[in-house]
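S.K.: My structure is below; once you've seen it, I'll send some questions.
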Amino acid sequence: LLLLCYTEEAAVIVSGLKNTDVFVGESTTFTCELSHPGVKNVQWWLDGSPLHNNFVTEISEQDGMIHTLTLNDVACHDSGTVTFRAGSLISSAKLLVKGILLSE
């Protein structure tokens, strides 16, 4: 009988965050996939500020391994570095929010 016992240190990031460009008012989604569930202290950050679930920021996870952050109705000031942290694991990506030029 072989028992597999995962420790937090054994978890790795299978697929990290990707740099994203979007226009003002659009939504964007960042996804980070871990090798297995059960990693504690999962947190999302935007430019060093922790993010929490609300009507603009949607944070979810699937099977404890696929962690998703959706930012709705982004504004220019949302441009910055998005960071996902799970225990000692960290993945970061740049978010660039582009304005829309209105021609006269």
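S.K.: Looking at the structure I just gave you, is Ser27 modelled with pLDDT of 95 or more, more than 17 Å from Leu96 (Cβ to Cβ) and surrounded by fewer than 16 Cβ atoms within 10 Å (Cβ to Cβ)? Working first, answer last.
M.R.: Working: modelled with pLDDT of 95 or more: yes; more than 17 Å from Leu96 (Cβ to Cβ): no; surrounded by fewer than 16 Cβ atoms within 10 Å (Cβ to Cβ): yes.
When the stated conditions are applied, Ser27 does not pass them.
S.K.: A follow-up question, please. For Lys98, indicate whether it is more than 14 Å from the chain's Cα centre (by Cα) and closer than 15 Å to Ile13 by Cα. Don't jump to the end; show me each part of the working.
M.R.: Working: more than 14 Å from the chain's Cα centre (by Cα): yes; closer than 15 Å to Ile13 by Cα: no.
No, not satisfied.
S.K.: Filter the stretch 36-74 down to the residues that are among the aromatic types (Phe, Trp, Tyr) and surrounded by 16 or more Cβ atoms within 10 Å (Cβ to Cβ), then identify the one that is nearest to Val14 (Cα to Cα).
M.R.: This residue is Trp44.
S.K.: Restricting to the stretch 55-80, name every residue that is over 18 Å from Glu26 (Cβ atoms) and not β-branched (Val, Ile, Thr). Talk me through it step by step, then tell me what you get.
M.R.: Start the filter on the stretch 55-80 by keeping residues that are over 18 Å from Glu26 (Cβ atoms), which leaves 59-67.
Within the stretch 55-80, Ser60, Glu61, Gln62, Asp63, Gly64, Met65, His67 meet the criteria.
The values are calculated or read from the model by the stated rules, or taken from the named source; none is laboratory data. Computed from a predicted structure; not experimentally measured. Glycine also receives a Cβ, built like all others from the backbone with ideal geometry; neighbour counts cover every protein chain displayed.
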